[in-house]
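Novice: My questions all concern the structure below.
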Amino acid sequence: MSKTIDVTDLDIYYSKFLAVEKATMVIEPRSVTALIGPSGCGKSTFLRSLNRMHEVIPGAYCTGSVVVDGQNLYGKGVDPVQVRRKIGMVFQKPNPFPTMSIYENVLAGVKLNNKRLKKSDADDLVEGSLKGANLWNEVKDRLDKPGSGLSGGQQQRLCIARTIAVKPDVVLMDEPCSALDPISTLAIEDLISELKENYTIVIVTHNMQQAARCSDKTGFFNIEGTGKPGKLVEYDDTTKIFNNPSQKATEDYISGRFG
Ligand SMILES: Nc1ncnc2c1ncn2[C@@H]1O[C@H](COP(=O)(O)OP(=O)(O)O)[C@@H](O)[C@H]1O
Ligand SMILES: [Mg+2]
């Protein structure tokens, strides 16, 4: 559980278009790394390349390396399905399976991975995952009801429960709060702070207060113009990025001068 992600010279393409150029960063375990930057600078693209979700888009590929636990995820013979099992992802819009019960939603990822589970083990896994996602108390009396009956914030925590039920090492989150109200957002931020005890967390956010509140490290991506590749401009401790960045572009961005 909880692994270092060592990214070196990652060039990320959509066919001929270079979307992110030469990204290099070491993402620490048991910590939250936030990725910020203006729209279109490649945050989501970079995030999806960390668990080989990028290449599901036709023509999309990358070069360079992403090493987790001594293994280059892009090395020969690496099974992307296994990679995605160890490096889970939570999306912007909560996406529980609407016709499945809360219980079945938690197990959906585990089932996809072909795990046969005894009923008692499944019950334990559902309870543990929902507790891990700070949702258990709110849903324990209605586990058989559809996941779609929950509020947006609860649905997002259900999706997080589904992700951690698979027992990943890393959890990637792409703007997980952008569809949520402020109270649900704070609940998810609290949860992120708890999850970092056990997982490596990487979160894309357009909310700089959120990055400042809940991350240990921050990476600032920027783009020089349309058609140009996004670049990781600065990566450092979150307090450094927000109080005393080294790059002018970072300072301009965090002080709201553009983006
Ligand atoms: N499926 C796609 N096909 C082609 N280009 C894409 C695709 N998704 C994103 N892009 C392009 O890649 C660049 C980075 O996009 P994205 O990673 O979504 O940025 P961000 O998440 O920072 O807003 C943009 O120029 C965007 O238009
Ligand atoms: Mg994005």
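The values are calculated or read from the model by the stated rules, or taken from the named source; none is laboratory data. Source: prediction; values computed, not measured. All Cβ positions, glycine included, derive from the backbone under ideal geometry; neighbour counts span all protein chains shown.
Novice: Could you please give the count of residues in the stretch 13-44 that are assigned to a strand (DSSP E or B), within 13 Å of ligand 2 (Cβ to nearest atom) and either surrounded by fewer than 18 Cβ atoms within 10 Å (Cβ to Cβ) or without any contact (Cβ under 8 Å) to a residue 60 or more places away in the chain (or both)?
Specialist: 0
Novice: Just for the stretch 160-187: of the residues that are surrounded by 24 or more Cβ atoms within 10 Å (Cβ to Cβ) and without any contact (Cβ under 8 Å) to a residue 60 or more places away in the chain, which one is farthest from ligand 1 (Cβ to nearest atom)?
Specialist: Within the stretch 160-187, the match that is farthest from ligand 1 (Cβ to nearest atom) is Ala165.
Novice: Taking Val66 as meeting all but one of (1) among the β-branched types (Val, Ile, Thr); (2) under 20 Å from Pro176 (Cα atoms); (3) touching a strand residue (DSSP E or B) at 6+ places or on another chain (Cβ under 7 Å), write down the number of the exception.
Specialist: The one condition Val66 does not meet is (2).
Novice: Checking the conditions here, which among Ser44, Ser65, Ser39 is more than 16 Å from ligand 1 (Cβ to nearest atom) and either small (Gly, Ala, Ser) or at pLDDT below 95 (or both)?
Specialist: Working: Ser44 fails: more than 16 Å from ligand 1 (Cβ to nearest atom); Ser39 fails: more than 16 Å from ligand 1 (Cβ to nearest atom).
None of the others qualify; the one that does is Ser65.
Novice: Out of the stretch 120-148, which residues are touching a residue at least 40 places away in the same chain (Cβ under 8 Å) and of a type in the set (D, E, K, R)? Don't jump to the end; show me each part of the working.
Specialist: The initial filter retains those residues of the stretch 120-148 that are touching a residue at least 40 places away in the same chain (Cβ under 8 Å), namely 125, 132-134, 142-148.
Residues satisfying the conditions are Arg142, Asp144, Lys145.
Novice: When the residues of the stretch 49-75 are narrowed to those that are β-branched (Val, Ile, Thr) and surrounded by 20 or more Cβ atoms within 10 Å (Cβ to Cβ), which ends up nearest to Tyr13 (Cα to Cα)?
Specialist: So the first thing to find is which residues in the stretch 49-75 are β-branched (Val, Ile, Thr), and the list is 56-57, 63, 66-68.
Within this subset, residues satisfying the condition of being surrounded by 20 or more Cβ atoms within 10 Å (Cβ to Cβ) are 66, 68.
Details: Val66: 15, Val68: 21 Å.
Restricting to residues being β-branched (Val, Ile, Thr) and surrounded by 20 or more Cβ atoms within 10 Å (Cβ to Cβ), the top hit is Val66.
Novice: Which ones in the stretch 213-247 are surrounded by fewer than 16 Cβ atoms within 10 Å (Cβ to Cβ), within 20 Å of Gly42 (Cβ to Cβ) and modelled with pLDDT of 95 or more?
Specialist: Correct list: Lys228, Gln247.
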